[in-house]
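I have placed the structure first, in the form of structure tokens, so that the comments after it can refer back to it.
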Amino acid sequence: MRNDDYVSRTEQPLPRHNRRDPVVHSGPSERWNGPLGEVALSAFERDGFLWFEGFFSQDRVAPFFKELEQMSHDPELLESEGVIRDPKSGAIRSVFDMHRISPRFDELTRDARILGMVQQLLGGDVYIHQSRINDKYGFQGSGFDWHSDFETWHAEDGMPRMRAISASIMLTDNNEFNGPLMLIPGSHHEFVPCQGATPDENWKSSLKMQETGVPSQQNLQELVNRGGITAPKGPAGSLLLFECNVLHASNANMSPWPRSNLFFVYNSVHNVLEEPFAAKRARPSFLANRETPEPLHLYDPYAQLR
Ligand code: 6CS
Ligand code: FE
């Protein structure tokens, strides 16, 4: 039998257990080789995320939101597989592969400040495992149930270790009314196995509403009793870096204001995908990049001038 440190999607429930990977992957000699100081590094280790309010200026992120709006009127794009519709309203819920669709988004994956922090936390070269926008239109965006991204990526995509980080850039303000991301601080220290086998082609429904890969209410209760729930809020341009195993969810958008958040998932080049651990077939490449990883290099805006 294949060795698996993170067994999940079983018929019978399994107890949760400590993670078997470090949270900060750079070794002692390279720990401070990057933009994050010891205070931020230990906060990330403890909580599983870092929040940077107003990381980018509003002017810097406005063109990204504008491009997204243009995309929502592009009939060809709307028909593509990477565009997921809201289960209730039919509006755009997610657009995957943003960095392949648009050069502007591609450049942003190599932003020097983000990439510097991610490389420091993951201990070296990284590549993009998945990119997407989660859009919640005013009054109509549904929520996302509690989950660990790693649980899905391990079970359905064959990501072997916990060595990936999501960078989420807010393209609109996130406030308490428009369905901001909620996190359980410290939940990334434990792996919560989920009950129930992965249905065939699960992604076709899980991206609209996730039913498999959701932890039991008892586990959620216990982890929330210990760590609480937090929902970082702030203006467009704010940045959230979160560890692949931190439990998170979000509510529906009950406000008139849109909520659009961009996600880049960075994975270590030492953590490339294998066969899925708990699914029959690997998911399509717009959800999980299984090409030979191209390590990202810092984006140099002056390159074309030289
Ligand atoms: O499927 C994915 O890769 C992402 N989407 C959902 C709804 N859950 C897991 C992960 O965040
Ligand atoms: Fe998620």
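No value in this document is a laboratory result; all are computed from the given coordinates. All of these numbers come straight from a predicted model, not from anything done at the bench. Neighbour counts run over all protein chains shown; Cβ positions are idealised from the backbone, glycine included.
Values for this structure:
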read-out	value
Mean Cα-pair separation over length for segment 48-291, i.e. relative contact order, pairs under 8 Å, 6 or more apart, %	37
Neighbourhood charge, 11 Å Cβ-Cβ cut-off, centred on residue 24 and excluding it, Lys, Arg +1 and Asp, Glu -1	-2
For the chain, built as a Gaussian network whose Cα springs stay under 10 Å, the top-fluctuating residue of 205, 260, 29	29
Computed over segment 51-97: relative contact order in percent, which uses C-alpha pairs under 8 Å that are six or more apart	21
Close Lys-Lys pairs in segment 48-291, where close means Cα under 28 Å and separation is 8 or more or interchain	15
Counted charge near residue 90, where neighbours are those whose Cβ lies closer than 14 Å (Asp, Glu -1; Lys, Arg +1)	+2
Alpha carbon centroid spacing (whole Å) that separates segment 1-74 from segment 264-306	15
Span from the segment 185-241 Cα centroid across to the segment 78-113 one, whole angstrom	21
Check: the chain dipole with +1 on Lys, Arg Cβ and -1 on Asp, Glu Cβ, in debye	260
Neighbourhood charge, 12 Å Cβ-Cβ cut-off, centred on residue 121 and excluding it, Lys, Arg +1 and Asp, Glu -1	-1
Cα-derived Rg over Rh, computed across the chain with Rh taken as Kirkwood radius	0.94
Listed peptides 98-110, 231-243 by packing density, highest first (mean Cβ within 10 Å)	231-243, 98-110
Estimated FRET transfer efficiency (residue 89, residue 229; beta-carbon r; R0 25 Å; 0.05)	0.45
